[in-house]
Amino acid sequence: MAIIGRNTKKEYLQHIENSFTLTIAEMKNIVKDFHSEMRRGLAGLKSSLAMIPTYVDKPTGDEKGEYIALDLGGTNFRVLELKLKGKGKLSPPRVRKYVLDKRHISGKGEELFGYIAQRIKAFLRGEKARQDDVLKLGFTFSFPVEQTGIASGELLGWTKGFSARGVVGKDVVMLLNSALAKNGLGNIKVAVLANDTVGTMACLGYEDQDCDVGVILGTGTNACYLEKLSVIPKWNGPNTRTGHMIINIEWGNFNKLRRLDYDIALDKASENPGRQILEKMISGMYLGEVARIVLNGFISKGLLFDGLRSPIFNKRGHFKTEYMSRIEADCSKNLSEVIRFLKESGIRNSTFEDRCLIKRVCELVSNRAARASAAAMAAVITKIDPALSKTHTVAIDGSVYEKHPGFSKNIRTGLEELLDKKASKIKISMAKDGSGKGAAIIAAVA
Ligand code: GLC
């Protein structure tokens, strides 16, 4: 049966435009559903939002001392050494970045932690004296962890393509401790286990007392915020200094969303089908793949490159989010950067129309992502302060927010459409590489 009205390029593009546009009404619905999932999560009821109590209160800015930090959340991990000087001031940290390969990401968990311990040992070797002191370490681990204490917690499930065996369901601090001990680093004490959103928020919160939300828009996506203990029915632990606690929302798993066939296809082929539905619409690990699936649809209908197939659009995972950034940034008359990109990808011939189409599809996919992020952000802030009666600083980090052209502007537009003038109460501040530094700050709070 012919699909009426979708046979020409123009009609098909119009259909894609309509499908990917998140209307204001839809964004408002996301906010509403987000609130109800947040409440259910806080009450310990079934919800796509885990709402994990982190055992961490807001930093005061007075924390002092020397710390090391381990920041693990993607294919790179970092080791840092830093000094908190109090009054919200940090000395410039010594930082080293290490790369994980497939063997660590999808091999045995023991190997992953063993490799990390070895690198920490190499990092400290530069400062011999330190190997005998007790060293306090802040561990940023950017995966969903059910915390059982400030420095303990079990991995609920891997995200972002990780699959190392023997880690899910285990206490990741114990795994790290035992790897450290095996490498002669028994003098290191893990003082805190924190999600990257929490580290990011703590890093900015150290100097800005209005900071009550932390967001990551990078390879993965997530947020945390400061919540009153009195509205966390599932919390039965002790009180905190301010009567508040940072909650790791794990918003990437939010699933009350209108999904398109492309989203469903991506999810089915992913390592974690049925999970991280919001993350699969908005984060760097997946945006390129959404665009690729859409563009591949045009190719198979003969509406792009005269139907000529090529691996970049034909094979799963080949069209990366950073290519979208490059394409969307091209404002030249002839889209000459797109020509260059296509040539590098083995596509020699393209018409101007082809290139406009590619750029438009990328924009539609990333704009939907920015608007969904805005809705989620608005939901979190209005959960804390429904009337937006005060200023809220959102500490943000991640490659998509930082590097994708127009992303931050589109988030701002989305917030204004949702909250009108009150959107001006929301200040979004970059906390570049804040997750590791923040872990040290939290270690000091602890
Ligand atoms: C994934 C992880 C989450 C993390 C986020 C950003 O969604 O599950 O814990 O905060 O990526 O790195």
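The values are calculated or read from the model by the stated rules, or taken from the named source; none is laboratory data. Small disclaimer: the values here were computed from a predicted structure and weren't measured. Glycine also receives a Cβ, built like all others from the backbone with ideal geometry; neighbour counts cover every protein chain displayed.
If I filter segment 212-226 for residues that are of a type outside the set (D, E, K, R), assigned to a helix (DSSP H, G or I), in contact (Cβ under 8 Å) with a residue 40 or more places away in the chain and within 16 Å of the ligand (Cβ to nearest atom), do I get at least one hit? No, because not a single residue in segment 212-226 is of a type outside the set (D, E, K, R), assigned to a helix (DSSP H, G or I), in contact (Cβ under 8 Å) with a residue 40 or more places away in the chain and within 16 Å of the ligand (Cβ to nearest atom).
Take segment 386-401 and flag every residue that is on the phi < 0 side of the Ramachandran plot and touching a residue at least 40 places away in the same chain (Cβ under 8 Å). Result: Lys390, Thr391, His392, Thr393, Val394, Ala395, Ile396, Asp397, Ser399, Val400, Tyr401.
When segment 403-432 is filtered for residues that are of a type outside the set (A, V, I, L, M, F, W, C) and without any contact (Cβ under 8 Å) to a residue 60 or more places away in the chain, the ones remaining, listed by number, are Ser408, Lys409, Asn410, Arg412, Thr413, Glu416, Asp420, Lys421, Lys422, Ser424, Lys425, Lys432.
Looking for something assigned to a helix (DSSP H, G or I) and closer than 21 Å to Val290 by Cα - is there at least one such residue anywhere in segment 423-446?
Step one: filter segment 423-446 for residues assigned to a helix (DSSP H, G or I), giving 423-425, 434-445.
Remaining after also requiring closer than 21 Å to Val290 by Cα: none.
No, there is no match, as no residue in segment 423-446 is assigned to a helix (DSSP H, G or I) and closer than 21 Å to Val290 by Cα.
If the condition is being within 16 Å of the ligand (Cβ to nearest atom), part of a strand (DSSP E or B) and not aliphatic (A, V, I, L, M), then segment 46-96 contributes Pro53, Asp71, Asn76, Phe77, Arg78.
Set side by side, the residues Ala395, Ala446, Ala375 differ, and just one is within 27 Å of Ala69 (Cβ to Cβ), surrounded by 24 or more Cβ atoms within 10 Å (Cβ to Cβ) and among the hydrophobic types (A, V, I, L, M, F, W, C), which is Ala395.
Which residue is farthest from the ligand (Cβ to nearest atom), if the candidates are limited to segment 236-255 and must be closer than 19 Å to Ser36 by Cβ and part of a loop (DSSP other than H, G, I, E, B)? Out of the qualifying residues, it is Asn255. Within segment 101-117, residues that are over 16 Å from Asp71 (Cβ atoms) reach partners that are small (Gly, Ala, Ser) and assigned to a helix (DSSP H, G or I) with beta carbons closer than 6 Å, at six or more positions or on different chains, in the pairs Gly114/Ala179. Count, please, the residues in segment 184-204 that happen to be in contact with a helix residue (DSSP H, G or I) (Cβ under 8 Å, 6 or more places away or on another chain) and either more than 15 Å from the ligand (Cβ to nearest atom) or part of a strand (DSSP E or B) (or both). Matching residues across segment 184-204 total 11.
Got a sec? Which of Leu124, Leu180, Leu155 is modelled with pLDDT under 95 and not acidic (Asp, Glu)?
Numbers: Leu180 fails: modelled with pLDDT under 95; Leu155 fails: modelled with pLDDT under 95.
Sole residue among the options that is modelled with pLDDT under 95 and not acidic (Asp, Glu): Leu124.
Among what's in segment 390-430 and is away from the ligand (no atom under 16 Å from the Cβ) and either of a type in the set (Ser, Thr, Tyr) or at pLDDT below 95 (or both), pick the residue that is nearest to Cys211 (Cα to Cα). Selected residue: Thr393.
Pairs meeting the criteria (first residue in segment 137-164 and of a type in the set (Lys, Arg), second residue part of a loop (DSSP other than H, G, I, E, B), beta carbons under 6 Å, at least 6 apart or on different chains) are Lys160/Thr219; Lys160/Gly220; Lys160/Met285.
Could you please tell me which pairs satisfy a Cβ distance under 9 Å, a separation of 6+ or placement on different chains, a first residue in segment 1-24 that is more than 19 Å from Ile299 (Cα to Cα), and a second residue that is assigned to a loop (DSSP other than H, G, I, E, B) and at pLDDT 95 or above? That search, which allows pairs on different chains as well, returns Leu22/Arg258. Among what's in segment 256-296 and is more than 16 Å from the ligand (Cβ to nearest atom) and in contact (Cβ under 8 Å) with a residue 40 or more places away in the chain, pick the residue that is nearest to Ser19 (Cα to Cα). For segment 256-296, the residue satisfying everything is Leu260. Report whether or not Val231 is within 16 Å of the ligand (Cβ to nearest atom), touching a residue at least 24 places away in the same chain (Cβ under 8 Å) and within 30 Å of Lys280 (Cα to Cα). Judged against the criteria, Val231 is not a match.
Hey, can you tell me all the residues within segment 70-87 that are within 25 Å of the chain's Cα centre (by Cα) and either surrounded by 18 or more Cβ atoms within 10 Å (Cβ to Cβ) or at pLDDT 95 or above (or both)? Correct list: Leu70, Asp71, Leu72, Gly73, Gly74, Phe77, Arg78, Val79, Leu80, Glu81, Leu82. For Phe341, the conditions (1) closer than 23 Å to Met245 by Cα; (2) in contact with a Phe, Trp or Tyr (Cβ under 7 Å, 6 or more places away or on another chain); (3) free of Cβ contacts under 8 Å to residues at least 24 places away in the same chain are fulfilled apart from (1). Being under 15 Å from Ile120 (Cβ atoms), within 16 Å of the ligand (Cβ to nearest atom) and small (Gly, Ala, Ser) is the filter here; which residues of segment 138-183 pass it? Gly138, the sole residue that qualifies. Could you list all residues from segment 33-43 that are in contact (Cβ under 8 Å) with a residue 24 or more places away in the chain and exposed (fewer than 15 other Cβ atoms within 10 Å of the Cβ)? If the condition is that a residue be in contact (Cβ under 8 Å) with a residue 24 or more places away in the chain and exposed (fewer than 15 other Cβ atoms within 10 Å of the Cβ), then Ala43 is the only one that fits. When segment 270-323 is filtered for residues that are within 14 Å of Lys359 (Cα to Cα) and among the hydroxyl-bearing types (Ser, Thr, Tyr), the ones remaining, listed by number, are Thr321, Tyr323.
Counting only residues that are in contact with a helix residue (DSSP H, G or I) (Cβ under 6 Å, 6 or more places away or on another chain) and at pLDDT below 95, segment 339-349 holds 0 of them.
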